[in-house]
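Presented below is the structure to which this report refers.
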Amino acid sequence: MTRNGMFRIAGGGLVVIAGLLATASPRARAEEGPRVIVITAKRFEFSPKKITLKKGETVRLQLKSEDVTHGLFVRPLGIDKDITPGETTEVTVTPQVAGRYRAICDHFCGAGHGGMKMTIVVEDPGSAPSAGN
Ligand SMILES: [Cu+2]
């Protein structure tokens, strides 16, 4: 075998591997499951302050705390979790009713605890946007 031939084989192998990587990764990502939304809690706010979900779409919320233990409580969506610092707390939701939901911290975290809240908007992709309340 010539020197030239060796190079050709090596080059072809690399192209095949690159092709496998390119096609495998998007598929693997799609099979991982629902859309993931990260929500970070710290005294005395959630970040982001507002998330938008779609009616009927399953999403996985990943809850993290940057300081002390907080909570995330949204009764109509069945969400009631403690958020412990240093851990990722997951909750999976599939909202069935469109609307605007107020999420609150329900684990006392200090002086501003009572004002610690965020908004979860659930849109119905099948209906026109509402004109407000
Ligand atoms: Cu809190």
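The values are calculated or read from the model by the stated rules, or taken from the named source; none is laboratory data. These numbers were taken from a predicted model, which means no experiment stands behind them. Using ideal geometry, Cβ is built from the backbone for each residue, glycine included, and neighbour counts are taken over all protein chains shown.
Assorted remarks:
- Candidates are the residues of the stretch 111-133 that are surrounded by 12 or more Cβ atoms within 10 Å (Cβ to Cβ) and in a loop (DSSP other than H, G, I, E, B); the one that is nearest to the ligand (Cβ to nearest atom) is 116.
- As a summary of the residue check, residue 33 satisfies the conditions (1) within 22 Å of residue 83 (Cβ to Cβ); (2) modelled with pLDDT of 95 or more except for the one numbered (2).
- Single residue of the stretch 39-55 satisfying the filter (surrounded by fewer than 17 Cβ atoms within 10 Å (Cβ to Cβ), over 12 Å from the mean Cα position of the chain (by Cα) and under 15 Å from residue 100 (Cα atoms)) that is nearest to the ligand (Cβ to nearest atom): 49
- Positions within the stretch 92-107 being of a type in the set (Val, Ile, Thr), without any contact (Cβ under 8 Å) to a residue 40 or more places away in the chain and part of a strand (DSSP E or B), in sequence order: 104
- Meets criteria (within 22 Å of residue 36 (Cβ to Cβ) and away from the ligand (no atom under 16 Å from the Cβ)) for residue 85: no
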